[in-house]
Every structure is written in C-alpha cells, then in structure tokens.
2 protein chains.
Amino acid sequence: MSETKHKILDVAERLFAEQGFAATSLRHIIAEAGVNLAAIHYHFGSKEELLDELVGRLAGPVNVERIARLERLEAEAGEAPLAVEPILDAFIRPGAEMACKHPESSRMLGRMYAEGLMPTLVDRHFKPTGKRFVAALRRAVPDIPEQEFLWRVDFMIGAMSHAMVHSQVLGPHAEEDAGHAARFTVPRMSCLIAFLSAGFRAPASLVDEKVEVSQ
Amino acid sequence: MSETKHKILDVAERLFAEQGFAATSLRHIIAEAGVNLAAIHYHFGSKEELLDELVGRLAGPVNVERIARLERLEAEAGEAPLAVEPILDAFIRPGAEMACKHPESSRMLGRMYAEGLMPTLVDRHFKPTGKRFVAALRRAVPDIPEQEFLWRVDFMIGAMSHAMVHSQVLGPHAEEDAGHAARFTVPRMSCLIAFLSAGFRAPASLVDEKVEVSQ
DNA sequence: GTCTATACTGAGATAGAC
DNA sequence: GTCTATCTCAGTATAGAC
C-alpha cells in the first residue's frame, strides 16, 4: 500500500473518532497527513468509501473471532441448542476486546454508528456474521413468537450500539461527561450480557403468533 | 405565528423525516415551502435552531404526559417504591402514542436520534423528565450496584431509541426493508417493556459496589 | 416586523496536466 | 500516482425593500 494511502487512513481514523464523520473535512485530513486533496479521491473514490475501508479493516478480525467462538460453542454442544449467555458472550466479547486494545478505532466505530451511517456501512460489514448469531439465538429461545424474537434482536442491537458510544447519559455527572467517549470495558460488557440475556429469556409478551406485522 | 414560519416548520419536519437532517438542504426546504432562503434565518437563526424548535414542540406534550403518569403512580403507591413495569410503561407509552398519532413526527425524531444529534437536542428536551424516571427506577431495583444500574439505564436508552427508528435489521427481510422507517406500535412497545423489565430485574452482575469506574 | 436579493465562505467532487 | 485549478452546492450573513 502506498505511503500516501496509509497516511490518509491513519489520520482519517483519528479525526473521525475525535470529531465525527460529518464534522471532519477532507481538507483537514489532507492538511494533517501532508498529502493532496485529490489523492483521497484517487485512492478511495469518495469520503464515504474512505470510511468504508476504515470500517472494513476493523470489522474483519472481529468477525473472524466471533465466528470462531460461535463454532467452538456449537462443536461443544453437538446437536443441543446453545444457551443465551454464551451466544451473546461470543458476539460481544470480540468487539469489546477490540475496543480495549484499540480504543481510538472503537471510538471511531461508535461515532459512525451514532451518526447514523448505517445501513450502508455497519450493515455491510457486520450483518453477515450477525445473522449467524441470530439463528443461534433463535434456537436458544424457541418459545418466543417469531415477531417478538425479531424485535428483541432489535432491542439488543440498540442497547449494544448505544453502550459502545455513550455512558451514563442520564447519570449524576452526565453534564460534565457530555461528549466524553465511553470505554467499552469488560465489566461493562458483562453487565450488558446479563441485561440482554434476561431480556431474551423473559416470557413472551405477545400472546398470539399471528400478530399484525408492524412495518 | 406567521404563515411563512408555519410552512417552514411543516416542510422541514417532513423532509427531515424522509431524508434526515444532514441530507436536507435549506434550499430544498424553501423551495417546497415557497419562501425565501433568508426567512429561515430570520425566524430561527440557523438550521440547527430550526430543528430545535421542531423537537421542542414534539417533546413538550410527551413530557407532560410522562410526568402525569409517573405522579399518578406515585400517588397510588404512597411511600412504597414502584415496580419496574409501570415505570417503564409510564415512560414509553406517551412516546409510543405520539408515534402512532403522528408517525411523520416520530420518524423525524427517530431519524435525528439516529444521526447522532444529541446531546444538544434530545438531551435538552428529554433529559429533565428522564431523570425523574431514573430516580423512580433506582428505588424499584435498590439491590443493583449503582454503577451497574447506571449502565442498565444506558442499555435501556439504546434499546428504546433504536426501536423507534429501526426494525428487524437482522431479520429475514432486512434487505428489502432497509431504509424503511419502523412504526413504533403498541404491541412492539409492550414487547420492549417486557424485555427491559426483565433486564432491569436481573440479578446483579457486578459483585462489588466499588468497581472501577469506566470513564 | 417580515421578507427578498445577493454575496460570502467552505465543503466535496472532478478534469486534465505532469 | 500526484497535483493544480475549477465546479457545484451547502450554510450563513447582510443590506435594504415593503
């Protein structure tokens, strides 16, 4: 990879993490990287594709680790369905470990999520892996109506993505902490898994499978 | 209120809901509203303050209804702490009813949340009310360590906000539904309350109150 | 008080020389 | 591969008509 391309990626990741995507101009990136404005469009095509490459190189190893953990669980369980906790742990832990090892990168990812840059980005890079976990979860809670199960998946995704960016937005020190990036630490991850597991294992709220679809 | 201001607000709300905030230009708004560009800055000051007024006129009635329901619950309970479900119901139901009655407006709110326009917006308009509900929740689950409780509040906020915008992002028809706005219907709301209540009532995951603070 | 016309600054994107 | 010059369009600011 060319030196120019490398410098662009590194500076862009840092600035996106610090300021967000929209607030970071290409001119700011090229100034700090010491390259020309047109070099970005030559190497990446557009500002969005530059971000796409950044997300892709982060998502890759996380997805590999997630699948590896899930397959290890499935191998151990044989034909039996898995429990909820280990599934969520296999999904969340690789992300949390990446967040601990590369806090800058994970802050960037969280920022992009918070800025609403899905589905074009997070969907593309995380959905294929996510679908395998959804299938495993479905076997873990077979008694929940399908519609309610899919909604619970949405609740989980919302809680997870929010947890990666925000911290104590309604807490006692929310004001002075506003704008601070939350570190997605291991104890925080454990609490998230406990919270979501309880939610998934709750008795069904919908009484009839044939509820009218909501969208 | 002047006719011009009214038209700007209505068109802006619709376009923000359809396209998001960043993707909607002021020139697009004035073209559809049939007014002059400078009228926006005369009446609102800036694009962000225009959005602020839109959010404020939606949040007001919802907050009033939320507080009314909470105070009714507290009056019925006397000195006893409330249960988790009724608290969450009092918080979530007014928002869901607003979403059913004004789907366009709620879609706009959800979009703004998804675009990461907090804390300047949602925080300002929803946080004061939210803090009263957090206090009530704290009394409802007194045995959870403070740190874990605050994280659970974050998980709840993430699940709620996500549920208002997205639907079945990992579901079987996610591709063709991508970009569709989810309607935050009543059964969906009931499922959310059941999911979150179970999470809040889960046994504590942190063993020690003196866990190192994560931010 | 309201609104219009117009100009200013900075953004992302692009064509073509080298 | 890289850079210069330029294009289009965004949000914003101001002067002045009614």
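All of the numbers you see were taken from the coordinates with simple rules; none came from a lab. Quick caveat: nothing in here was measured; it's all calculated off a predicted structure. Because the Cβ atoms are built from the backbone with ideal geometry, glycine has one as well, and the counts that use them run over all protein chains shown.
Taken over segment A:1-72, the ratio of Cα radius of gyration to 2.2 N^0.38 Å equals 1.28. Measuring how big segment B:80-146 is from its alpha-carbon positions, Rg and Dmax come out at 14.2, 41 Å.
Taking the number of Cβ atoms within 10 Å of each Cβ as an exposure proxy, the fewest-first ranking of A:Asp10, A:Asp143 is A:Asp143, A:Asp10. Contact order for chain B, expressed relative to its length and based on alpha carbon pairs under 8 Å spaced 6+ residues apart, stands at 24 percent. With label points set 7 Å from Cα along Cα→Cβ, the inter-copy distances at A:Ala204 are 3.5 nm, sorted shortest first. Computed as a quarter of the hull surface, the mean projected area of the alpha carbon convex hull for segment B:64-107 stands at 3.2 nm².
Stretching B:Leu37 away from B:Glu104 to a fully extended chain increases their span by 21.7 nm, per 0.36 nm per residue minus the current alpha-carbon distance.
Position A:Glu18: other-copy label points at 3.9 nm, ordered by increasing distance, label point 7 Å along Cα→C-beta.
Taking a quarter of the surface of the Cα convex hull of chain B gives a mean projected area of 14.5 nm². What the Cα atoms of the protein assembly as shown give is an Rg and a Dmax of 22.1, 70 Å.
The convex hull drawn around the Cα atoms of segment A:26-121, when projected onto a plane and averaged over every direction, covers 7.9 nm². Scoring B:80-89, B:193-202 by mean Cβ neighbours within 10 Å over their residues and listing the highest first yields B:193-202, B:80-89. Estimated from helical segments only, the mean residue ellipticity of the protein assembly as shown at 222 nm is -23000 deg cm²/dmol, where each DSSP H run of four or more residues counts as -39500 (n - 2.57).
Projecting 7 Å from Cα along the Cα-to-Cβ direction, the label point of B:Leu73 sits 3.2 nm from its equivalents in the other copies, listed shortest first.
Could you compute the longest span of chain B free of GluC sites (Glu not before Pro) located in DSSP loops and having at most 15 other Cβ atoms within 10 Å, not counting the site residues?
It works out to B:80-208.
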